[in-house]
Amino acid sequence: MVLASASPRRADLLRQIGLSFEVWTGGTEVEVWGTIAGRPDGGEWTPEAVRAQAQRRAEDKARLAAAVRPDAVVVAADTMVAVDGVVLGKPRSPDEAAEMLGRLSGRAHDVTTAVVVAHTRQGTWLVDASATRVCFRPLRRQEILRYIATGEPMDKAGAYGIQGRAALFVERLEGDYFGVVGLPLALLGRLLDAAGVPPL
């Protein structure tokens, strides 16, 4: 098995469920940076558009890895954070992280993670996505700044990591917690099972 991702969080989740795998980062991963108000084609970021974009990005990663490792089962994923029709990528600066967290404060937002399981030699190509609604409690300006000072938000879509200190911000969620971390495990398990490589 090959994980087509440089994310240490995704690798940790695969280890958590006992899978043996190699990490492949040979492709140039195109990151989403900053606050994106509209799609490149001029359309709006509807939930369907976010899901389609996450699936396209996950498939691009899988395609690159599968071309190099056609004998391997390739797992790829992509996560997007959206609120009020705006996509929040990774912050480019502490100020941008503060703006994103202020936008999420006291509100609900959606985290969509697409997953691909591919095995070129067997002709297997499976893709699906999970969406989770995350509700933040109201955040004080000073706690946002203290959180940013930890450095944790700077490499994460939406400027937070639910598995880290930002767990203190989450009042509730509806959906898959692991999808917010970056790899929905129940969905991955279903895809692996359908691909003939059940994880259990």
So which strands (runs of 3 or more DSSP E) stay within segment 87-200 end to end and still have 1 or more residues that are of a type in the set (Ser, Thr, Tyr) and farther than 20 Å from ALA6 by Cα?
-> 124-136
Can you tell me which residue within segment 3-45, out of those that are open to solvent by less than 80 Å² (accessible area, probe 1.4 Å) and of a type in the set (Asp, Glu), is modelled with the highest pLDDT?
-> GLU31
Considering residues that are open to solvent by 40 Å² or more (accessible area, probe 1.4 Å) and assigned to a strand (DSSP E or B), the number found within segment 68-86 is 0
For LEU173, state whether it is touching a helix residue (DSSP H, G or I) at 6+ places or on another chain (Cβ under 6 Å), within 30 Å of PRO198 (Cα to Cα) and either in contact (Cβ under 8 Å) with a residue 12 or more places away in the chain or not acidic (Asp, Glu) (or both).
-> no
Starting from segment 66-92, keep only residues that are within 10 Å of ALA157 (Cα to Cα), then list their pairs with residues that are in a loop (DSSP other than H, G, I, E, B) and of a type in the set (A, V, I, L, M) whose Cβ atoms are within a distance under 6 Å, requiring at least 6 positions of separation or different chains.
-> GLY89/VAL32
Would you mind stating whether GLU48 is in contact (Cβ under 8 Å) with a residue 40 or more places away in the chain, open to solvent by 10 Å² or more (accessible area, probe 1.4 Å) and not in a loop (DSSP other than H, G, I, E, B)?
-> no
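The values are calculated or read from the model by the stated rules, or taken from the named source; none is laboratory data. This one's a predicted model, so the numbers in the text were calculated from it and none came from an experiment. Because the Cβ atoms are built from the backbone with ideal geometry, glycine has one as well, and the counts that use them run over all protein chains shown. Each accessible area value is taken on the protein alone, full model and side chains, heavy atoms only, with ligands, DNA and RNA left out. Shrake-Rupley method; radii C 1.70, N 1.55, O 1.52, S 1.80 Å.
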